[in-house]
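Student: Quick one: the structure is below, and I'll ask about it shortly.
We did not get these values from a lab; they are worked out from the coordinates using the rules stated. Values in this document were obtained by computation on a predicted structure and should not be read as measured data. Counting neighbours? That spans all protein chains shown, and the Cβs are built from the backbone with ideal geometry, glycine included.
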Amino acid sequence: GEDVEQSLFLSVREGDSSVINCTYTDSSSTYLYWYKQEPGAGLQLLTYIFSNMDMKQDQRLTVLLNKKDKHLSLRIADTQTGDSAIYFCAEDGAGNNRKLIWGLGTSLAVNP
Amino acid sequence: GAVVSQHPSRVICKSGTSVKIECRSLDFQATTMFWYRQFPKKSLMLMATSNEGSKATYEQGVEKDKFLINHASLTLSTLTVTSAHPEDSSFYICSASRGTRIETQYFGPGTRLLVL
């Protein structure tokens with residue numbers, strides 16, 4: 001079945017690293033994505049990883065993919081208050097014509 | 001670039017009335033637009049996919065007569081919730097795509113609908 005799971009909340013101190021975890025079920029997904037949702041703004045694509053990769057780094061963001069366990073994580077280094085938002089992971093299923101399968105979202109709170 | 005707007009940002013209406021939500025791609029032409037619904041503590045649910053000049057494709061379980069979608073131009077799609085009921089209260093999000101890849105989808109800020 002199609003199901004993407006995330007923990008709902010994460011709280012970190014400013015300057016620490018944040019790690020947001022996600023598990024998915026469709027092993028045929030080609031790409032996995034991380035989106036950021038801030039109040040009043042549209043979902044913003046942060047980064048994505050091809051399913052044949054196990055790591056991707058983009059400035060403060062590091063994505064780790066364990067395809068065997070169907071586990072995806074997003075690490076934000078030096079977390080800032082501006083990183084407070086809801087983070088969604090999503091997978092594209094079996095190359096499903098741009099239809100994304102979404103997690104519930106993890107609400108990240110960054111405390112000064 | 002790649003800005004998508006939605007109007008209104010929030011709307012309150014009486015049960016039985018219809019509500020129209022607009023989605024515009026401001027700086028690019030979108031061949032395809034998508035409409036999502038987001039419930040509290042639930043993931044985004046794709047409602048329908050619309051291509052300019054053709055009928056929308058609705059996901060299973062979404063009533064096409066209830067949620068009318070019109071994609072009249074390459075920069076505008078509208079979602080009309082007809083005869084709204086309290087259970088239609090939700091957060092509606094559109095996205096506009098300027099290519100075939102998921103990375104080319106850009107999301108609007110969403111519309112909060114409350115039906116009394």
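Student: Could you work out the mean count of beta carbons from other protein chains within 10 Å of each residue's beta carbon in A:39-46?
Tutor: Mean partner-chain Cβ count within 10 Å for A:39-46: 5.
Student: Can you tell me how much longer the chain between B:Thr80 and B:Lys20 gets when fully stretched, taken as 0.36 nm per residue apart minus their C-alpha distance, in nm with one decimal?
Tutor: Stretched out fully, the B:Thr80 to B:Lys20 stretch lengthens by 21.2 nm.
Student: On to the next question. Students often forget the sequence filter, so: which lysines lie under 29 Å Cα-Cα from B:Lys20 once same-chain residues fewer than 8 apart are removed?
Tutor: Leaving aside lysines fewer than 8 places away in the same chain, those within reach of B:Lys20 are A:Lys36, A:Lys99, B:Lys41, B:Lys42, B:Lys55, B:Lys64, B:Lys66.
Student: In addition: Mind sorting A:Phe50, B:Phe34, B:Phe107 by how few other Cβ atoms lie within 10 Å of their own Cβ, fewest first?
Tutor: Values: A:Phe50 10, B:Phe34 26, B:Phe107 23.
Ranking A:Phe50, B:Phe34, B:Phe107 by Cβ neighbours within 10 Å, fewest first, gives A:Phe50, B:Phe107, B:Phe34.
Student: While we're here: Using a Gaussian network model of chain A with C-alpha springs under 10 Å, which one of A:Asn66, A:Asn52, A:Asn21 is most mobile by mean-square fluctuation?
Tutor: Among A:Asn66, A:Asn52, A:Asn21, the largest GNM mean-square fluctuation belongs to A:Asn52.
Student: Once the Cα gyration tensor of the protein assembly as shown is diagonalised, what are the square roots of 5 times its eigenvalues, in whole Å and ordered largest first, as equivalent ellipsoid semi-axes? Intermediate values should be presented prior to the final figure.
Tutor: Details: eigenvalues 182, 78, 54 Å².
Semi-axes, largest first: 30, 20, 16 Å.
Student: Taking the Cα centroid of the range B:16-49 and of the range B:56-110, what is the distance between the two, rounded to the nearest whole Å?
Tutor: 3 Å
Student: Under a GNM of chain B (C-alpha, springs under 10 Å), which listed residue has the highest mean-square fluctuation: B:Ala72, B:Ala48, B:Ala30?
Tutor: Result: B:Ala72 has the largest fluctuation of those listed.
Student: Also, I was wondering about something else. Can you give me the relative contact order of the range A:3-112 as a percent, contacts being Cα pairs under 8 Å and 6 or more apart?
Tutor: 39 percent
Student: In whole angstrom, how long is each semi-axis of the equivalent ellipsoid of chain B, when you take the square root of 5 times every eigenvalue of its Cα gyration tensor and sort them from largest down?
Tutor: 22, 14, 13
Student: Could you list B:Lys41, A:Lys70 so that the one with the fewest beta carbons within 10 Å of its beta carbon is first and the one with the most is last?
Tutor: B:Lys41, A:Lys70
Student: Compare A:Ala90, A:Ala77, A:Ala41 in a GNM of chain A, Cα atoms joined below 10 Å, and give the one with the largest fluctuation.
Tutor: Comparing A:Ala90, A:Ala77, A:Ala41 in a Gaussian network model of chain A, the most mobile one is A:Ala41.
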